[in-house]
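Student: Just passing along the structure, written as structure tokens.
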Amino acid sequence: MHAKGKTRLSLRQKLLLLRLGTAFIAIVAALLIASILIVSAGANPLSAFYHMYVGSIGSFPALVETLVRATPIMLVSQGLAVAFRARLWNIGAEGQLLIGGTVAGALGLYLHALPQPLAVPLILLASGLGGAVWIVIPALLRAYYEVNEIFTTLMSYYIALYFVSFLLSGPLRDPVGLFPETTTLPKEMMLPIIIKETRFHAGILIPLMIFGPLLYMVIGRSTVGVKLSMVGCNPTAAQYAGVDLKRVTVFSLLFSGFLAGLAGGVEVLGIQSKMRLDISPGYGFTGIVVALLGYMDPIGVMVASMIMGGLINGSTTMHRLDRVPVGMAFMIQAMVVIFVMVGYLLYDRFSRKVVGRVE
């Protein structure tokens, strides 16, 4: 019997609170260490963090720019969250993003005769497929030969980097440009701007309105999500339960590659208007941090993407007003990864106790 007036939290609620608590501790710990580094740089941490807030969500234009930054991160991390749930570690999302962006930059020049409502979705679909194709070999090697996907996806990133560099310096290079990049896309090939006089383009709605709800339903309320979790927790038991491990492996990795490629296409058609090597300041690698920080949960990933987008966007204001090195944002990301992994250990240990006390 429980005391009158007291409510008993469900197992799901307890685990959710535990996840939120460990993620919060990870972020706070990273910011505390960042404060020490900011002081060592001769700046005031309170002023630096305030200006980071102002530059990220302190005004409507700043919020829009944070959404712009968060969009490719969110797409990448949504795909990685699916793979990570099955304990499949796609580390080469940055390369898949570059391939997707290259596909968008190339096709945008050849499909300009088509009407925009038809051409833009086709280009984005092709971008996603380009990212998926780039991870086919690592996926098949993992599924059929148990080759560690960490090494194969990471190596595929470097192959993509040099392959795209070759294309931008040769076959796809703007013939009148001074830099290795494609020709600027026609305006009709760009994603439409939703809010005038801002960079709020239609691509921002893709992870928020399409893949966010879709993954919430698939991961949390379908047999696909159950199979992913079973494979991630115990592949042998999942196989005995009738789960096709090869199919789950290939699907998970290809889906993560598709969304990474789509992120590249959205970045080119929404912001850059051309393909060049620096379209991504590491969105593919940041997506790994976000997927972990969000505990591979669709809602958690969206929130973590906004945090990381604001961190990157706000670091520019912090650098300008407080003279803090702009690379501090990436240092904070690295520290968040470290503390998130510690948080995973704490979550695993305490979640076992919580589950053990049920009933």
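The values are calculated or read from the model by the stated rules, or taken from the named source; none is laboratory data. Keep in mind the model is a prediction, meaning the values are calculated, not measured. We place every Cβ from the backbone using ideal geometry, glycine too, and count neighbours over all the protein chains shown.
Student: For segment 216-253, name all the residues that are among the small types (Gly, Ala, Ser), outside any loop (DSSP other than H, G, I, E, B), closer than 24 Å to Ala132 by Cα and out of contact with any Lys or Arg (no Cβ under 7 Å at 6 or more places or on another chain).
Tutor: Gly220, Gly225, Ser252
Student: Is there a residue in segment 174-188 that is part of a helix (DSSP H, G or I) and of a type in the set (Phe, Trp, Tyr)?
Tutor: Within segment 174-188, none of the residues are part of a helix (DSSP H, G or I) and of a type in the set (Phe, Trp, Tyr).
Student: For segment 121-148, how many residues meet the condition of being part of a helix (DSSP H, G or I), buried (at least 24 other Cβ atoms within 10 Å of the Cβ) and not basic (Lys, Arg)?
Tutor: So the answer is 10.
Conditions tested, residue by residue: (1) in a helix (DSSP H, G or I); (2) charged (D, E, K, R); (3) in contact (Cβ under 8 Å) with a residue 40 or more places away in the chain.
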residue	(1), (2), (3)
Glu65	yes, yes, yes
Leu88	no, no, yes
Gly100	yes, no, yes
Val103	yes, no, yes
Ile159	yes, no, yes
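Student: So in segment 254-281, with the set limited to residues that are assigned to a loop (DSSP other than H, G, I, E, B) and under 15 Å from the mean Cα position of the chain (by Cα), which one is farthest from Thr102 (Cα to Cα)?
Tutor: The initial filter retains those residues of segment 254-281 that are assigned to a loop (DSSP other than H, G, I, E, B), namely 273-275, 280-281.
Now restrict to residues that are under 15 Å from the mean Cα position of the chain (by Cα): 280-281.
Working: Ser280: 12, Pro281: 16 Å.
Among them, the one singled out is Pro281.
Student: Suppose we filter Arg19, Arg69 for residues that are under 21 Å from Ile338 (Cα atoms) and either surrounded by fewer than 16 Cβ atoms within 10 Å (Cβ to Cβ) or touching a helix residue (DSSP H, G or I) at 6+ places or on another chain (Cβ under 9 Å) (or both); which single one remains?
Tutor: Testing whether each residue is under 21 Å from Ile338 (Cα atoms) and either surrounded by fewer than 16 Cβ atoms within 10 Å (Cβ to Cβ) or touching a helix residue (DSSP H, G or I) at 6+ places or on another chain (Cβ under 9 Å) (or both) leaves just Arg19.
Student: Given (1) touching a Lys or Arg at 6+ places or on another chain (Cβ under 8 Å); (2) within 21 Å of Leu46 (Cβ to Cβ); (3) of a type in the set (A, V, I, L, M), identify the lone condition not met by Val336.
Tutor: That leaves (1) as the condition not met.
Student: For segment 318-359, give me each residue that is over 23 Å from the mean Cα position of the chain (by Cα), crowded, with 19+ Cβ neighbours inside 10 Å and modelled with pLDDT under 85.
Tutor: Within segment 318-359, His319, Val324 qualify.
Student: Out of all the residues in segment 87-105, which are surrounded by fewer than 24 Cβ atoms within 10 Å (Cβ to Cβ), modelled with pLDDT of 95 or more and of a type outside the set (Phe, Trp, Tyr)?
Tutor: Correct list: Ile91 only.
Student: I'd like the residue in segment 22-43 that is closer than 13 Å to Val324 by Cβ and among the polar types (S, T, N, Q) and, out of all such residues, is nearest to the chain's Cα centre (by Cα).
Tutor: Among residues in segment 22-43 that are closer than 13 Å to Val324 by Cβ and among the polar types (S, T, N, Q), the one nearest to the chain's Cα centre (by Cα) is Ser35.
Student: Would you mind finding the one in Ser40, Ser47, Ser35, Ser10 that is among the hydroxyl-bearing types (Ser, Thr, Tyr), surrounded by fewer than 20 Cβ atoms within 10 Å (Cβ to Cβ) and modelled with pLDDT of 90 or more?
Tutor: Ser47
Student: Which residues, taken from segment 109-120, are in a helix (DSSP H, G or I) and either touching a residue at least 60 places away in the same chain (Cβ under 8 Å) or among the hydroxyl-bearing types (Ser, Thr, Tyr) (or both)?
Tutor: Selection gives Leu109, Tyr110, Gln116, Ala119, Val120.
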